[in-house]
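Visitor: Dropping a structure here in C-alpha cells format, bear with me for questions.
The values are calculated or read from the model by the stated rules, or taken from the named source; none is laboratory data. For clarity, every value in this text was computed on a predicted model and none was experimentally measured. Neighbour counts run over all protein chains shown; Cβ positions are idealised from the backbone, glycine included.
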Ligand code: G16
C-alpha cells in the first residue's frame, strides 16, 4: 500500500469512529451557540455538544502542532441544573474567536454522518493533518451533571484519537494555568508546575514576598458560592500558612449540588447588591464572594451605620491601577498602564480612572475574551468586568524592563521587586478569583487600608442590572461595545428618550451570552431614579 493509501485509510477509520461514537451521543432538536463563555445550557441537554467539543479540541491541538488544549466543563455563575463547556488555547487564553464558528457548526450538525463530514471539512479548510498528534486536558466544577458530561467528552477525544488527561475538579482559572504551564514547560520561561500544587506554590510564594515585613492582615471571610472555590481556597490557604493570613471559608458545601450559587456567590451579591446568605457581616471588616467556578470575585463591607457597600470589579480595577501607578512612580520606570472595561462599568469608575488616575480606558463588549485582547495592547493592562471577572497582564517587554532595571535606591528596589511579585501573584491567563483575592489583600495590607479607605476613591452612581425574559433574545443586536441597540429598529431611540429624563442617566440592553435572557443595565443620580429608569427600559423590551 502506498503512503497516500495508508494515510487515507487512517483518516477513513477516524471518520468511521466519529460516526460510530456519535450514535451514543444523539443530538437534540435544538440550536446551540458558542457564546460569551462557550456553550451554556441545561446540563441534561449538553451530552452531544460536549462530545463534539472533544472532536474540536483534538482538531485545535493538531492545528497547533500538538500543543495541549484545555476543556473546562462548567456553567460558572449559572444555576445548578445548568452546565457548559469552554475551550482553552495553549497560552491559557480563550479559544481563538475564528474557531467559535466551527464549535457552533459541530454542535448543530444534524446527523452522525454530517458531523463526520463537518470534521473532515474543517480539517481541509484549516489545513489540519488528521494523523498529527493531539493532546487535551480537562477539568470540571462540582455540578452533578459533570461526571456524565466528562464521559461524553472522553468519547469525543477517543473518537478523534487524541491523548487526554483528566484533572478532576478544579476552578476554571486553575485549568487555564495548567494549560499554560504544560505548553511553556520546555521554553525559556516556564509558567509553573502543571498541577494544582504548582498553582498553590506559585501564588503562595508570591503572596509571601509581597507581604514580607508587613503586619499580618486580619482574617478574611470568603463566600465560596458552595462551589469548587471552597476546597481550592482551603488548599491554597494551607500552602500560604495560617501564620501569614487566615481565611474563613463559608458557603463551602459542595456535597449538596442544589446549593451552588443559590442565594450566595459573586453574581448574587453583585446583582442583588446585598450580602449572601450564610454570612454575618461585622462593620468595618472585609468580605468576599466567589462564583461557582471561582473566576469572579467581589468584595463588600458594612459601615458603622449598617450600610452595605459593594466593592466590585470596577473598584478592584481602580485599586490595582492606582497601586501599580504608585509603584511605577516610586521606581522611576516608565511603562504605560491601561484599564479595559465594558459598558457595565460604573460611570464614576471610568471618570476616576481617566480624570484622577489619568490612565487610558478602553471599552469592549462583554466577555473576558474581548477584554483580554484589548489589555495586551498596554505594557500593563488591567482588565475587569464590573461583575468581578478580570486580571492584569504584564507584557513581555514590561517584565524585561522590570527584570533588567538597576535600582539606585532601596525604595526603587522595593517597588520593582513588588511589581515583579505581583506579576507572579496574578494569574495572567484569565480572571481568577483566588489570585485576585490575594492581590487585593496584598495591596490593602501594603497601604494599611481597610475596605472603607479603599472605597473612598470614588462613589458609585446608583445602578441596577435586571434580567428580562423574552421570547427571542437573538433579535437584539448591539453596536459600539454593546452600548447601543441597532435592532429591533427604533428601540434605541425610545431608550434615549427615556434616559434623557434622568440626571446622570444611562441605560443599555443586550442579550446575555450565557443565559436565555436580556440584560438591562441602568445608572442614575439617585437610587429611586435608577429603579424607575430600569423598570421603564425593561418594560419597553419585555414583549419581544
Ligand atoms: C461569563 C463570561 C463573562 C461575562 C458573564 C456574563 O462569566 O466569562 O465575561 O461577563 O459570563 O455574560 P452574559 O451577560 O453574556 O451572560 P462566567 O463567570 O459565567 O463564566
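Visitor: Does residue 537 satisfy being under 29 Å from the mean Cα position of the chain (by Cα) and either under 28 Å from residue 82 (Cβ atoms) or outside the structural domain of residue 75 (by TED's automatic domain parsing) (or both)?
Guide: Yes; evaluated as a whole, the condition is true for this residue.
Visitor: Taking the conditions exactly as written (buried (at least 24 other Cβ atoms within 10 Å of the Cβ), assigned by TED's automatic domain parsing to the domain that holds residue 448 and within 16 Å of the ligand (Cβ to nearest atom)), does residue 390 satisfy them or not?
Guide: yes
Visitor: A follow-up question, please. Restricting to the stretch 350-366, count the residues that are more than 16 Å from the ligand (Cβ to nearest atom) and either in contact with a helix residue (DSSP H, G or I) (Cβ under 7 Å, 6 or more places away or on another chain) or in a helix (DSSP H, G or I) (or both). Working first, answer last.
Guide: At the first step, the residues of the stretch 350-366 found to be more than 16 Å from the ligand (Cβ to nearest atom) are 350-361.
Filter again for either in contact with a helix residue (DSSP H, G or I) (Cβ under 7 Å, 6 or more places away or on another chain) or in a helix (DSSP H, G or I) (or both), leaving 350-357, 359, 361.
Total satisfying the criteria: 10.
Visitor: Say we look at the stretch 507-520 and pick out the residues that are buried (at least 19 other Cβ atoms within 10 Å of the Cβ) and more than 12 Å from residue 541 (Cβ to Cβ); which of these is nearest to the chain's Cα centre (by Cα)?
Guide: Step one: filter the stretch 507-520 for residues buried (at least 19 other Cβ atoms within 10 Å of the Cβ), giving 507-511, 514-515, 518-520.
Right, trim to more than 12 Å from residue 541 (Cβ to Cβ) and you get 514-515.
Values: 514: 12, 515: 16 Å.
For the stretch 507-520, the residue satisfying everything is 514.
Visitor: What strands (runs of 3 or more DSSP E), lying completely within the stretch 158-253, carry at least 3 residues that are under 23 Å from residue 442 (Cα atoms)?
Guide: Where strands (runs of 3 or more DSSP E) fall fully within the stretch 158-253 and carry at least 3 residues being under 23 Å from residue 442 (Cα atoms), they are 220-223, 247-250.
Visitor: Still on this structure, I have one more. Give the stretch 285-307 a look and list any residue that's touching a strand residue (DSSP E or B) at 6+ places or on another chain (Cβ under 7 Å) and over 26 Å from residue 426 (Cα atoms), or say none.
Guide: 302, 303
Visitor: Quick check on residue 285: is it within 24 Å of the chain's Cα centre (by Cα), assigned by TED's automatic domain parsing to the domain that holds residue 220 and in a loop (DSSP other than H, G, I, E, B)?
Guide: no
Visitor: Which of the residues that make up the stretch 367-386 are near the ligand (Cβ under 7 Å from one of its atoms), at pLDDT below 95 and at negative phi?
Guide: Residues of the stretch 367-386 near the ligand (Cβ under 7 Å from one of its atoms): 367-368, 385.
Subset that is at pLDDT below 95: 367-368.
The one that is near the ligand (Cβ under 7 Å from one of its atoms), at pLDDT below 95 and at negative phi: 368.
Residue by residue, here is whether (1) within 16 Å of the ligand (Cβ to nearest atom); (2) buried (at least 16 other Cβ atoms within 10 Å of the Cβ) holds:
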residue: 12; (1), (2): no, no
residue: 15; (1), (2): no, yes
residue: 20; (1), (2): no, no
residue: 23; (1), (2): no, no
residue: 27; (1), (2): no, yes
residue: 30; (1), (2): no, no
residue: 36; (1), (2): yes, yes
residue: 40; (1), (2): yes, yes
residue: 46; (1), (2): yes, yes
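Visitor: Here's another thing I want to ask about it. Looking at the stretch 503-532, which of the residues that are in a helix (DSSP H, G or I) and in contact (Cβ under 8 Å) with a residue 40 or more places away in the chain is nearest to the ligand (Cβ to nearest atom)?
Guide: Taking the candidates together, the pick is 530.
Visitor: Going through the stretch 259-286 one residue at a time, which ones are touching a residue at least 60 places away in the same chain (Cβ under 8 Å), more than 12 Å from the ligand (Cβ to nearest atom) and surrounded by 24 or more Cβ atoms within 10 Å (Cβ to Cβ)?
Guide: If the condition is that a residue be touching a residue at least 60 places away in the same chain (Cβ under 8 Å), more than 12 Å from the ligand (Cβ to nearest atom) and surrounded by 24 or more Cβ atoms within 10 Å (Cβ to Cβ), then 260 is the only one that fits.
Visitor: Give the residues of the stretch 83-107 that are surrounded by fewer than 18 Cβ atoms within 10 Å (Cβ to Cβ) and not in a helix (DSSP H, G or I), sorted by residue number.
Guide: 91, 96
Visitor: Right, here's the next one. Which pairs turn up if I take residues in the stretch 303-321 that are on the phi > 0 side of the Ramachandran plot and look for partners that are part of a strand (DSSP E or B) with beta carbon separation below 9 Å, at least 6 apart in sequence or on another chain?
Guide: Nothing qualifies.
Visitor: Tell me the residue from 124, 113 that is touching a residue at least 60 places away in the same chain (Cβ under 8 Å) and over 12 Å from residue 52 (Cα atoms), please.
Guide: The conditions single out 113.
Visitor: If you don't mind, another one. Taking the stretch 183-233 as the region of interest, how many residues are buried (at least 22 other Cβ atoms within 10 Å of the Cβ), farther than 21 Å from residue 448 by Cα and more than 20 Å from the chain's Cα centre (by Cα)?
Guide: Counting residues in the stretch 183-233 that are buried (at least 22 other Cβ atoms within 10 Å of the Cβ), farther than 21 Å from residue 448 by Cα and more than 20 Å from the chain's Cα centre (by Cα) gives 1.
Visitor: Could you tell me whether the stretch 393-405 includes any residue that is within 16 Å of the ligand (Cβ to nearest atom), buried (at least 20 other Cβ atoms within 10 Å of the Cβ) and at pLDDT 95 or above?
Guide: yes
Visitor: Select from the stretch 293-337 the residues that are within 22 Å of residue 373 (Cβ to Cβ), away from the ligand (no atom under 16 Å from the Cβ) and buried (at least 21 other Cβ atoms within 10 Å of the Cβ) and list them in ascending order.
Guide: The answer is 318, 320, 321, 324, 337.
Visitor: Helices (runs of 4 or more DSSP H) wholly in the stretch 420-502 with at least 1 residues that are modelled with pLDDT of 95 or more, within 30 Å of residue 397 (Cβ to Cβ) and more than 24 Å from the chain's Cα centre (by Cα) - which ones?
Guide: Result: 433-447.
Visitor: When only residues in the stretch 406-419 that are in a helix (DSSP H, G or I) and free of Cβ contacts under 8 Å to residues at least 24 places away in the same chain count, which is farthest from the ligand (Cβ to nearest atom)?
Guide: Selected residue: 410.
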